[in-house]
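A short worksheet on the structure shown next.
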Amino acid sequence: MALFVGCYRIIADFRQDLAGISAHAYQTQRQEEINRLDNEDGRIRRTGTMWTASAHIITAAIGFSVLSLVWDIAQLGWIGGPIVVILLSMVILYTSFLLVNCCGTGDAITGRRNYTYSDAIHSNLAAVMSFIYSFIGLALSIIQVVGNGRFKGSLTGISIGSITQTQKIWRILRSFKDIAFAYSHPIILVEIQATINALPLSEAKVMKKATFFSVAVITFFYIVCGCMGYAAFGDSMPGNLLAGFGFYNPYWLLDIANAAIVIHLIGAYQVFCHQLFAFIEKWVNGAWPNSTFISTEIRIPLSSTMSLKLSLFRLVWRSAFVVATTVISLFLPYSSEVIALPGALGIWLFTVNLPIEMYIAKKKVPKWSLRWACLQMLCLACRVISLASFVGSIAHVVSDLKVYRSFKSESGS
């Protein structure tokens, strides 16, 4: 009996010690998890700085559109090109500051932080690819200028005669749109700001410094790439910088640049379509919540610990969307036109109008006050330019369609 009682006590003590160890291990694991989380909102602790934010902004902004900036500089000339780039960069910088001030809800210290402008996720691989083909184009332009022995181009851009005065106006309007579209970073500013490790009051200041530094670097890079390309080709500049080196030797260098473009566009397609996918799927789930086809997910085991969820609805509709957009893009005249029409209206909406309206709503700017009037005039001016650019883009597409056949280009931009 005594032996039984002794064994029982030993087992009880062992179970108690084991429970204590488990509880301690759980508390340790929980404390480590808490340490990884942000103190104010329970999310993963932020480690971003001004430099990491600047790097994100620069790599996100410098994309495929940089290749068409040379064509835009050719329309505006040596004087108008850099001036328009600088003016539009100042407008985007100002509206970016307004957006930075709207990254929290309520009080600046205790208010809830807004973490996303959209559901898009930035692709680092795509960012690296954008730098590769941009620097290749810049290097080839410098080599071309050295080979020419002079700077081509004129102070006012393409002269009347090679094109009509109406075409000159349409091209200038489209150039405004292209240059503004090259500053596409405001759409991800909120996501970038959510990574900064700073107090709410200094968070906006850090982000403003990062934005100012980034826009300055981007503007300098755009002016250098655009002007060097214009100096290399002058008024005969094609719509795509790399297209001007179609017969350049060594060909492998152009192959690397074109491969980088393909990789970049694959990543960019996933990034910018993700928010559309999420919006449509959320709407469909709300409209038909009892549909088996929409709500059913098939679990596909990949290993003993990993599995993949496959939604038949997402598989069908996303595949159909990709096929449809691919077929449509094949019938568009040139690569620059692919981004021209939606970009003309999207620029004003996402980079100017929404930041201004958000700032007015959050800061409760009095209606008809001087600040309110100035913000509305800025918004109206950008809206007029956006609509005019949209018309110019349509006119450019119509002009190209006269000498274009599907899957075979007969004329450049």
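Derivation of every value follows stated rules applied to the coordinates shown; laboratory data play no part. Here the structure is a predicted model, which means the values were calculated and not measured. Glycine also receives a Cβ, built like all others from the backbone with ideal geometry; neighbour counts cover every protein chain displayed.
Here are a few things to note about the model shown:
- For peptides 352-359, 54-61, 284-291, sequence by mean Cβ density within 10 Å, most packed first: 54-61, 352-359, 284-291
- Pairs from Lys282/Lys363; Lys209/Lys364; Lys205/Lys364; Lys168/Lys209; Lys177/Lys208 whose Cα-Cα separation, in the structure shown, is over 27 Å: Lys282/Lys363; Lys168/Lys209
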